[in-house]
Ligand SMILES: NC(=O)c1ccc[n+]([C@@H]2O[C@H](COP(=O)([O-])OP(=O)(O)OC[C@H]3O[C@@H](n4cnc5c(N)ncnc54)[C@H](OP(=O)(O)O)[C@@H]3O)[C@@H](O)[C@H]2O)c1
């Protein structure tokens, strides 16, 4: 099979198209013919040698999500699964024509969506759903702030916050990405161009000084102080990404006095039971919303598998508004 390998840590040119043996599905697993995969910031870190793959997945083939067709099954998996159109999260190995994964970790592709669209669903929507709803406890009528709203995860989070009843959605992004969101029909109630305005000031003004119920933060250190100041009493922040750095200072007294909840989360290193539970949640709570059109993947651009290096450079240059997909097969 064709696959993209990281031949050594470095710039995008260390991504090499190569030929490898097809993996064999183990007990409880399926082998999937991959049609599409999508980029994540984690892939860029892994390419640079800063985010090694967890045990049990290919160490040098990036790719945390896929869409494709089940082509073979391992022991204990019903043969009727062969031929199903599926999508899912994996700990690595998505940039390849074949991958193996637990049968419990795949979910059916929503009817009406293409492979390149479904490749853009798992990381963005599972991460945002898990952060906002399962961990963040979003309830109808609450106020939400979504940072990096023009990112893959951000574009999913806007839709999910709306679908799960947020009363008012604030979002930060650069001006070009705020425009791109409007063009896609993903309007925020209060869009904030973070390069021109302080989100903390906007939130204080718009909430009469109370703050928001929930923050989905994809940025980290540079936003930390203003995030804490933008939460209402007993507010929650779910920290999902660190594109703005990892080191921050905090007056712990503020957490106590205002009874704030700080939740950190990551998808990739979760154990197999946690991944099965998330797949089950996706089947039950998200698939019907994709099939009704309430949720839709936001694909910024599609590259070929052999253009993985160009795709990495494009994302590293911060050009994408939404997901960057690799078409693995036609
Ligand atoms: N914890 C998990 O399991 C998990 C899973 C998936 C993703 N993530 C994380 O979530 C984040 C978003 O991922 P993605 O794949 O959706 O990325 P993406 O589509 O490439 O978007 C990243 C966004 O970050 C914004 N950004 C970059 N540098 C910034 C800075 N210094 N300050 C403010 N905004 C900045 C950019 O928007 P502007 O042009 O508007 O600045 C860009 O839209 C990443 O940090 C990623 O690692 C975490």
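Tabulated data for the structure shown
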{"item": "Mean separation of Cα contacts under 8 Å (6+ apart) over length of segment 124-264, as relative contact order %", "result": "22 percent"}
{"item": "Whole-number D in µm²/s for segment 48-186 (Stokes-Einstein; Kirkwood sum over Cα pairs; 25 °C, 0.890 mPa s)", "result": "145 µm²/s"}
{"item": "Rounded, prolate or oblate (a/c below 1.5 giving rounded, otherwise prolate when a/b exceeds b/c) for segment 24-118 by Cα gyration tensor", "result": "oblate"}
{"item": "Directionally averaged shadow of segment 218-278, computed from the convex hull of its alpha-carbon atoms, nm²", "result": "5.0 nm²"}
{"item": "Protection-proxy order for peptides 282-288, 27-33, each taking the mean of Cβ atoms within 10 Å per residue, highest first", "result": "27-33, 282-288"}
{"item": "Percent of beta bridges antiparallel (DSSP, the chain, rounded to nearest 5)", "result": "55 percent"}
{"item": "Over the chain, relative contact order from alpha-carbon pairs under 8 Å, at least 6 apart, %", "result": "19 percent"}
{"item": "Ordering of 59-65, 49-55, 110-116 by packing [mean C-beta count within 10 Å, highest first]", "result": "59-65, 110-116, 49-55"}
{"item": "Cα→Cβ-extended label distance, 7 Å offset, between residue 45 and residue 259, nm", "result": "3.3 nm"}
{"item": "Percentage, to the nearest whole number, of Cα pairs in segment 1-46 over 16 Å apart", "result": "54 percent"}
{"item": "Centroid-to-centroid separation of segment 221-282 and segment 86-118 [C-alpha atoms, Å]", "result": "27 Å"}
{"item": "Residues residue 233 and residue 272, FRET efficiency given R0 of 35 Å [Cβ-Cβ distance, rounded to 0.05]", "result": "0.35"}
{"item": "Long-range tail of P(r) for segment 70-145 (Cα pairs > 19 Å, %)", "result": "48 percent"}
{"item": "Net length gained if the chain between residue 13 and residue 175 were fully extended (0.36 nm per residue, minus Cα distance)", "result": "55.3 nm"}
{"item": "Percent breakdown of C-alpha pair distances by 10 Å bin, ordered from the shortest bin, for the chain", "result": "6, 27, 34, 23, 9, 2, 0"}
{"item": "Sorted by Cβ density within 10 Å, fewest first, the residues 78, 213, 189, 102", "result": "78, 189, 102, 213"}
{"item": "Cα-projected label distance for residue 310 with residue 222, points at 7 Å along beta-carbon direction, nm", "result": "2.9 nm"}
{"item": "Relative packing of peptides 170-177, 232-239 - highest average C-beta neighbours within 10 Å first", "result": "170-177, 232-239"}
{"item": "Per residue Cα convex hull volume in Å³ - calculated over segment 124-264", "result": "95 Å³"}
{"item": "Residues 208, 43, sorted so that the one with the fewest Cβ neighbours within 10 Å comes first", "result": "208, 43"}
{"item": "In nm, spacing of pseudo-spin labels at residue 78 and residue 247 (7 Å Cα→C-beta vector)", "result": "5.4 nm"}
{"item": "Spin-label proximity, residue 317 to segment 1-30 - amide N less than 20 Å from point 7 Å beyond Cα toward beta carbon", "result": "10-16"}
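Quick note: the coordinates plus some simple rules give every number you see, no bench work behind them. Remember, it's a predicted structure, so these values are computed and weren't measured experimentally. As a convention, Cβ positions derive from the backbone with ideal geometry for all residues, glycine included, and neighbour counts pool all protein chains shown.
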